[in-house]
Amino acid sequence: ADGSLISPAHFIPIAEQSGQIILIDRWVLRHSLKALSQLQDRGITLAVNLSGQSLHDGDLKQYLADELTASGADPHHLILEVTETAAVTDFSTARGVLQAVRDLGCRTALDDFGVGFSSFHYLGQLPVDYIKLDGSFIRSLLISPDSRVIVRAIADIAKGFGKQTIAEFVDQEALLPILKAYGITYGQGFYLGRPEKIKKIIEN
């Protein structure tokens with residue numbers, strides 16, 4: 001009521017409990033595609049998180065196809081992310097949805113990978129293009145030998161399955177040579193770039 005922002009950490013659990021998260025996902029997709037249509041000519045790609053509940057949205061593929069057509073957005077510039085936990089909890093459904101999304105020309109990512117310590121067997125079975133290493137490992141990479149072992153192992157196995165890796169929480173320069181040495185393809189974090197309003201990016 002006072003115009004202040006409500007954190008996703010607060011409203012997403014409530015939306016998930018009430019079932020409203022699917023409508024929120026659709027709202028985010030629609031607005032993301034509208035923005036993407038204005039950014040894609042500059043080579044910009046948008047990554048959008050989907051909730052685990054949207055994996056059970058039987059109309060998701062058709063909705064996404066319709067919105068891609070209406071917006072004029074290039075699906076190759078859209079990456080849809082699902083968490084490792086959501087994907088493995090209902091593996092068969094997740095695999096079907098991810099493949100349907102890829103059939104539309106979009107790319108896919110497995111987010112927060114490593115915290116669930118699921119079998120690496122799933123990496124070869126899920127149709128995803130990117131593996132995002134959970135930020136807890138990256139945050140402790142400089143001080144934890146265990147984190148270095150885990151990150152290197154995930155990167156090697158992901159590469160073996162033909163998938164690219166993304167490191168979350170890259171917040172300092174000292175992490176870059178380690179990530180490069182491990183063959184990590186991309187990074188995400190405040191050292192590389194802070195969040196900006198989409199309007200500002202479009203205007204520039």
Candidates G105, G189, G116, filtered to the one that is outside any helix (DSSP H, G or I), out of contact with any Phe, Trp or Tyr (no Cβ under 6 Å at 6 or more places or on another chain), at pLDDT 90 or above and not polar (S, T, N, Q): G105
Members of region 33-75 found to be assigned to a helix (DSSP H, G or I) and touching an Asp or Glu at 6+ places or on another chain (Cβ under 6 Å), listed by number: L33, Q40, S54
Residues of region 137-170 satisfying the condition of being closer than 17 Å to D112 by Cβ, assigned to a loop (DSSP other than H, G, I, E, B) and open to solvent by 70 Å² or more (accessible area, probe 1.4 Å): F169
Counted residues, region 23-32 - those being in contact with an Asp or Glu (Cβ under 7 Å, 6 or more places away or on another chain) and either small (G, A, S) or open to solvent by less than 90 Å² (accessible area, probe 1.4 Å) (or both): 1
L80 touching a Cys at 6+ places or on another chain (Cβ under 7 Å), under 21 Å from I184 (Cα atoms) and modelled with pLDDT of 90 or more: yes
Flag if V82 is under 15 Å from V48 (Cα atoms), in contact (Cβ under 8 Å) with a residue 24 or more places away in the chain, under 17 Å from the mean Cα position of the chain (by Cα) and in a helix (DSSP H, G or I): no
Criterion violated by G52 - all others in (1) modelled with pLDDT under 95; (2) within 22 Å of P13 (Cβ to Cβ); (3) surrounded by fewer than 16 Cβ atoms within 10 Å (Cβ to Cβ) satisfied: (3)
Among the residues listed as Q62, Q17, the single one being within 23 Å of D112 (Cα to Cα), free of Cβ contacts under 8 Å to residues at least 24 places away in the same chain and not acidic (D, E): Q17
Subset tally (residues that are open to solvent by 60 Å² or more (accessible area, probe 1.4 Å), within 23 Å of S140 (Cβ to Cβ) and among the charged types (D, E, K, R)) for region 66-125: 0
Sole residue being closer than 30 Å to D59 by Cβ and touching a helix residue (DSSP H, G or I) at 6+ places or on another chain (Cβ under 6 Å), chosen from G183, G96, G105: G105
Those residues of region 171-186 which are out of contact with any strand residue (DSSP E or B) (no Cβ under 6 Å at 6 or more places or on another chain), part of a loop (DSSP other than H, G, I, E, B), within 21 Å of I150 (Cβ to Cβ) and not small (G, A, S), in sequence order: D171, Q172, Y182
Residue in region 147-158 that is at pLDDT below 95 and under 18 Å from N49 (Cβ atoms) present: no
Residue in region 142-157 that is in contact with a Leu (Cβ under 7 Å, 6 or more places away or on another chain) and basic (K, R) present: yes
Residue within region 2-22 that is closer than 20 Å to D134 by Cβ and surrounded by 18 or more Cβ atoms within 10 Å (Cβ to Cβ) present: no
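The values are calculated or read from the model by the stated rules, or taken from the named source; none is laboratory data. Since the structure is predicted, the reported quantities are computational estimates derived from the model, not experimental observations. Glycine gets a Cβ as well: all are built from the backbone with ideal geometry, and neighbour counts include every protein chain shown. Keep in mind that these areas ignore ligands, DNA and RNA; they rest on the heavy atoms of the full protein, side chains included. Shrake-Rupley method; radii C 1.70, N 1.55, O 1.52, S 1.80 Å.
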